[in-house]
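To start, the structure itself, in structure tokens.
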Amino acid sequence: MAKLIGIKKINTAVFISGTGSNLRNLLNFFSKKKTVIQIKLILSSTPKAKGLKYAKVFKVKKKVINYKNKNLAEKEILACLNDNNIKLICLAGFMKVLSYNFIKNFNGKIVNIHPSLLPKYKGLNTHQRAIDKKEKYSGCTVHYVNYKLDSGKIIMQKKIRIKKTDTAKTLSKRILKQEHLLYPKALLKIYPNL
Ligand code: GRF
């Protein structure tokens with residue numbers, strides 16, 4: 001810890017809705033190396049998200065948001081981020097679209113990981129769509145979140161070859177491995193600008 005004295009630390013929240021393998025990976029990466037990104041909060045849009053279990057494993061606060069009313073949900077999220085002095089939001093399989101107003105409050109401080117080579121294949125079902133279009137390559141992208149879905153400025157990408165034998169399942173498995181390498185690297189890249 002001593003090494004970090006005098007160095008800017010960024011209080012970070014990771015937003016999830018599902019398995020949370022990217023969350024687990026970020027927690028592993030940034031706790032082992034005692035680095036500048038400090039994950040203080042795990043926020044989920046559903047109590048069913050498997051990734052919530054990592055709160056206990058890594059001793060990080062968790063918060064489940066009731067999304068029945070989006071407006072109220074976002075108000076609750078903003079209050080929670082404020083209470084925890086959060087400066088960076090990492091979306092990792094978060095299945096809700098954040099509103100214009102929400103993003104305005106955190107402009108330039110929200111990043112997302114997406115399983116395609118953006119700008120190709122925004123939205124869902126990316127792997128099957130890439131296979132159906134007979135793409136030679138796919139991959140993953142870490143990007144800033146702006147007002148249009150999966151359209152913010154790209155921070156880093158990793159490209160991999162699609163094999164002739166690939167199914168959506170095999171491709172997603174290989175890309176997920178690359179996501180786990182890419183996300184921490186991308187956060188370290190933007191760190192000086194945070
Ligand atoms: C990842 O493929 C990510 O790119 C996408 O949702 C998936 C989340 O996986 N946005 P996990 O919950 O991190 O395992």
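Tabulated values for the structure
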item: Ellipsoid equivalent to the stretch 18-124 - semi-axes via the Cα gyration tensor, in Å; result: 20, 18, 15
item: Label-point gap, in nm, between Lys8 and Lys164 - each point 7 angstrom along Cα→Cβ; result: 5.1 nm
item: Selected from Val111, Ser21, Asn193, residue furthest toward positive end of dipole (the chain; charges at beta carbon); result: Ser21
item: Over the stretch 90-194, volume per residue of the alpha carbon convex hull, in Å³; result: 85 Å³
item: Accessible surface, the chain, averaged per residue in Å² (probe 1.4 Å); result: 57 Å²
item: Under-5 Å amide H pairs with Gly93, H placed in peptide plane, nonlocal only; result: Ile113
item: Separation in nanometres of the label points that stand 7 Å from Cα toward Cβ, at Lys48 and Asn193; result: 3.7 nm
item: Helix-only mean residue ellipticity at 222 nm for the chain, each DSSP H run of n ≥ 4 adding -39500 (n - 2.57), per residue, nearest 500; result: -10500 deg cm²/dmol
item: Antiparallel %, DSSP beta bridges [both residues in the chain], to 5; result: 40 percent
item: Rounded to 5, the percent of DSSP beta bridges in the stretch 90-180 classed as antiparallel; result: 85 percent
item: Amide proton proximity set for Lys61, modelled H, under 5 Å, gap of 5+; result: Ile42
item: For Ile37, distant residues with modelled amide H under 5 Å away; result: Ile10
item: Over 19 Å between alpha carbons, listed pairs Lys62/Lys87; Lys122/Lys189; Lys32/Lys56; Lys75/Lys109; Lys61/Lys148; Lys75/Lys122; result: Lys122/Lys189; Lys61/Lys148; Lys75/Lys122
item: Contact order relative to length of the stretch 62-194, as percent, for alpha carbon pairs under 8 angstrom and 6 or more apart; result: 20 percent
item: Apportionment of accessible area to carbon and sulfur, the stretch 1-133, percent (1.4 Å); result: 53 percent
item: Environment charge at Tyr144 (Cβ cut-off 9 Å; Lys +1, Arg +1, Asp -1, Glu -1); result: +2
item: Positive-end extreme of charge dipole, the chain - chosen from Gln157, Asn125, Ser44 (charges on Cβ); result: Gln157
item: P(r) weight above 29 Å for the chain, C-alpha pairs, percent; result: 21 percent
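The values are calculated or read from the model by the stated rules, or taken from the named source; none is laboratory data. All figures in this text were calculated on a predicted structure; none of them were measured in a lab. Counting neighbours? That spans all protein chains shown, and the Cβs are built from the backbone with ideal geometry, glycine included. When the accessible area is computed, the model is the full protein with side chains, heavy atoms only, and any ligands, DNA or RNA have been set aside. Shrake-Rupley method; radii C 1.70, N 1.55, O 1.52, S 1.80 Å.
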